[in-house]
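Structure record follows, encoded as structure tokens.
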Amino acid sequence: MESALDYQTAGALLEWQHELGVTDAIGDAPIDRYALPDAAPWLQKKQAPASAKAVTPAPEQQEDPVKVAEEAARRAETLEGLRAAMGAFELCELKKGARNLVFCDGVAGARVMIIGEAPGRDEDREGRPFVGRAGQLLDRMLAAVNLSREASVYITNVLPWRPPQNRDPKSEEIAMMQPFLRRHVELAAPDFIVLMGNISCQAVLGRRGITRLRGNWAEAYGRPVLPMCHPAYLLRQPIAKREAWADLLSLQAKLKGAS
Ligand code: URA
């Protein structure tokens, strides 16, 4: 893009913002400020003629993101194929603000699949789910029942891209990524699924209310599903760790075929 700012001025402006404490972009999608006439008056003369401007397609011509996702997910025949299909999916605005696609971690084919909510800052940076503080707690919780992402658990999230400022995912974002999640479960084929937190319960069970749902086995995608409190919640409410422990024991019993 041609810019009215020279390299040094742009660098100085960036440095100034950094000194003011700016650390993150806060919009859902990058904004082309040069395309906003009011925000960039010095560029007004250079704007493209109206005929060259992008035209928003009429509603009937716009793609339905859920249908596009369904088709892309259906075509994926392997986990790697699914990762590529998600990476090529352009209809979720979150992708534009994220550094990395966060697809999975752990052992493909493990008996336990954990579904979290969405990447945070650390996960966005590393491209792996649950690597921040909540993830470290998750690792300790798993270790307490002899499970680990290195040996026995497969991990993913409802959304593969970080929402800005870690805001809750919107229902339309969940809806358009749902087909990929369903296919992810089919391809990973776990025996048991653990849903971490409300967003995962909403996406998979269509229900929220984790304090009531937690600990109660349900069924989704033809598999037993256990809702649990999210590790980030446990960091804020350590008192809830007692119930999380009970839930982990329930998972362990299922794995041993005891209930
Ligand atoms: N919280 C989640 O739900 N998922 C992650 O990957 C990190 C934090």
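What to note about this one:
- Evaluated on region 65-258, the Kirkwood hydrodynamic radius is 16.5 Å, with distances taken between all distinct Cα atoms.
- Phi angles across region 200-207 convert, under the Karplus curve 6.51 cos²θ - 1.76 cosθ + 1.60 with θ = phi - 60°, into 3J(HN,Hα) values of 5, 5, 5, 5, 9, 9, x, 9 Hz, Gly and Pro given as x.
- Set Lys95/Lys241; Lys67/Lys170; Lys170/Lys254 screened for pairs whose C-alpha atoms are more than 23 Å apart: Lys95/Lys241; Lys170/Lys254
- Two-decimal Rg to Rh for region 93-140 - Kirkwood Rh, Cα set: 0.98
- Taking every DSSP beta bridge that has both ends in region 65-258, the antiparallel portion is near 30%.
Read the figures in this text as sums done on the coordinates, not as results from a lab. None of the values given here were measured: they were computed from a predicted structure.
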